[in-house]
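Here is the structure we will look at, set down as structure tokens.
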Amino acid sequence: MDKTHPRTQRTGPTRAIRATPIAFVKHIVDALRDGGVEPNNLLNAAQITPIELQIVEGMVTARQFEIFSELAMRALDDEALGWFERRLPWGSYGLLARAAITAPNLATAIRRWCQHHRLLTNAVVLALSSSPTDVSTDTAVVTVEAKAVHPNVREFCAVTLLRNLLGLSSWLIDSRIALQTVHFDFPRPAHASAYTVLFPCPVSFEAPKTALFFDASYLSLPIRRDASALQSMLQRALPLTVRHYRRDRRMVQQVRQFLSQDTRTQTSAVDVAAHLDVSPRSLFRQLKEEGESWQHLKHAAGMTRATQRLLASDAPIKRIAELSGFRNEKSFSRAFKSWAGVSPQAYRATHDLSHNQATRAPDSTSKKRTA
């Protein structure tokens with residue numbers, strides 16, 4: 001990736017969470033030594049001590065890992081850190097990002113990224129599927145086949161590639177991508193606890209294949225970045241591989257889905273925010289950014305349920321009003337007419353007439369054919 005040289009001066013003890021496995025640092029140390037580069041100066045620059053390298057289940061901070069891995073990539077001129085059959089010169093993954101940014105939506109961007117990755121190496125194969133045979137068609141799956149990668153670094157390679165693609169994808173659509181689950185085809189490592197940070201979702205090991213699962217609705221989101229933004233991002237691209245977006249651009253869709261499935265008549269914004277793991281303030285802000293409001297969504301959901309009740313039963317309008325959370329029939333009728341353009345009674349009568357006509361039509365046609 002095209003990035004400036006990181007700051008290397010010591011800044012004193014960090015309070016950041018240590019969540020990157022020291023095992024990944026050791027893989028980079030081995031790659032440096034295999035490439036004839038002494039790692040000590042680079043480790044010092046990232047404030048990683050020799051003692052830390054000896055802790056089997058040790059961790060470093062995201063910032064420490066960013067500094068060390070970038071220095072190593074530059075020293076080796078290899079963004080793959082020795083994983084593949086040949087070096088990937090500095091800027092290789094930046095080229096993949098440039099190819100993806102002109103896509104109309106995330107689905108096309110990810111497919112381009114995966115296809116162009118094959119131009120860099122044959123050691124791994126990445127692919128996107130939005131309708132796999134073994135999961136719901138509403139699920140998108142990114143698979144990684146790394147059979148030609150040495151077993152000692154297969155974990156490091158697979159994790160980095162998935163985090164790289166996930167981070168870039170989130171940046172392209174300016175949205176967090178909520179993961180459903182991640183499967184890895186290697187054994188559970190000693191540092192498996194770090195995966196709760198790297199992939200905040202259920203994680204399984206020793207799976208048939210390495211794959212990342214998320215809601216397919218993200219694939220239709222448009223690309224929100226341009227070439228200028230990409231140039232700026234590439235100056236500090238590594239944080240995308242370990243730091244997660246908080247904003248989810250599908251907020252309107254998620255709220256609609258929750259309200260459509262919730263049978264309570266007095267669902268509050270607090271209830272919805274808790275379900276979506278955001279604060280009510282963030283909920284209101286993100287809905288506004290998407291051109292929607294909580295009150296409008298709640299009102300639309302209530303009217304949709306009222307419409308379904310009107311057509312599904314012969315219950316009096318007063319009863320429909322009560323079930324829909326209105327204080328009386330008058331306020332319900334007023335709200336319904338404002339939403340549907342006709343009163344509840346007229347709406348039911350019109351649709352009952354249409355239904356009766358539709359059910360009689362085949363009979364008359366049948367008689368003509370037999371005449």
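The values are calculated or read from the model by the stated rules, or taken from the named source; none is laboratory data. From a predicted model like this one, the values you see are computed outputs, not experimental measurements. Heads up, the Cβs are rebuilt from the backbone with ideal geometry, glycines too, and the neighbour counts pull from every protein chain shown.
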Show the residue pairs that are 6+ apart or on different chains and have beta-carbon atoms under 8 Å apart, the first residue being within the range 207-225 and over 15 Å from S129 (Cβ atoms) and touching a residue at least 60 places away in the same chain (Cβ under 8 Å), the second being surrounded by 14 or more Cβ atoms within 10 Å (Cβ to Cβ) and of a type in the set (D, E).
-> R225/D174
Have a look at P200, P189 and point out the one that is modelled with pLDDT under 90, surrounded by 13 or more Cβ atoms within 10 Å (Cβ to Cβ) and part of a loop (DSSP other than H, G, I, E, B).
-> P200
When every residue in the range 264-311 that is within 21 Å of the chain's Cα centre (by Cα) and β-branched (V, I, T) is compared, the one farthest from S343 (Cα to Cα) is V278
Subset of the range 93-108 that is under 20 Å from S217 (Cα atoms) and among the hydrophobic types (A, V, I, L, M, F, W, C) - its residue that is surrounded by the most Cβ atoms within 10 Å (Cβ to Cβ) | L106
Does at least one position in the range 154-177 carry a residue that is out of contact with any Gly (no Cβ under 6 Å at 6 or more places or on another chain), within 26 Å of A229 (Cβ to Cβ), hydrophobic (A, V, I, L, M, F, W, C) and in a loop (DSSP other than H, G, I, E, B)?
-> yes
Cβ-Cβ below 7 Å, separation at least six or inter-chain, first residue in the range 279-298 and free of Cβ contacts under 8 Å to residues at least 24 places away in the same chain, second β-branched (V, I, T): which pairs?
-> P280/V270
Limited to the range 236-294, what total is found for residues that are among the hydroxyl-bearing types (S, T, Y) and either assigned by TED's automatic domain parsing to the domain that holds F68 or modelled with pLDDT under 75 (or both)?
-> 4
Just name the residue that is modelled with the lowest pLDDT out of those in the range 1-25 that are basic (K, R) and buried (at least 16 other Cβ atoms within 10 Å of the Cβ).
-> K3
Identify the residue in the range 54-100 that is among the aliphatic types (A, V, I, L, M) and not in a helix (DSSP H, G or I) and, among all such residues, is nearest to A158 (Cα to Cα).
-> A80
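Okay, residues lined up against (1) out of contact with any Pro (no Cβ under 8 Å at 6 or more places or on another chain); (2) over 22 Å from A19 (Cβ atoms); (3) buried (at least 21 other Cβ atoms within 10 Å of the Cβ):
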{"site": "R111", "(1), (2), (3)": "yes, yes, no"}
{"site": "L119", "(1), (2), (3)": "yes, yes, no"}
{"site": "V124", "(1), (2), (3)": "yes, yes, yes"}
{"site": "T139", "(1), (2), (3)": "no, yes, no"}
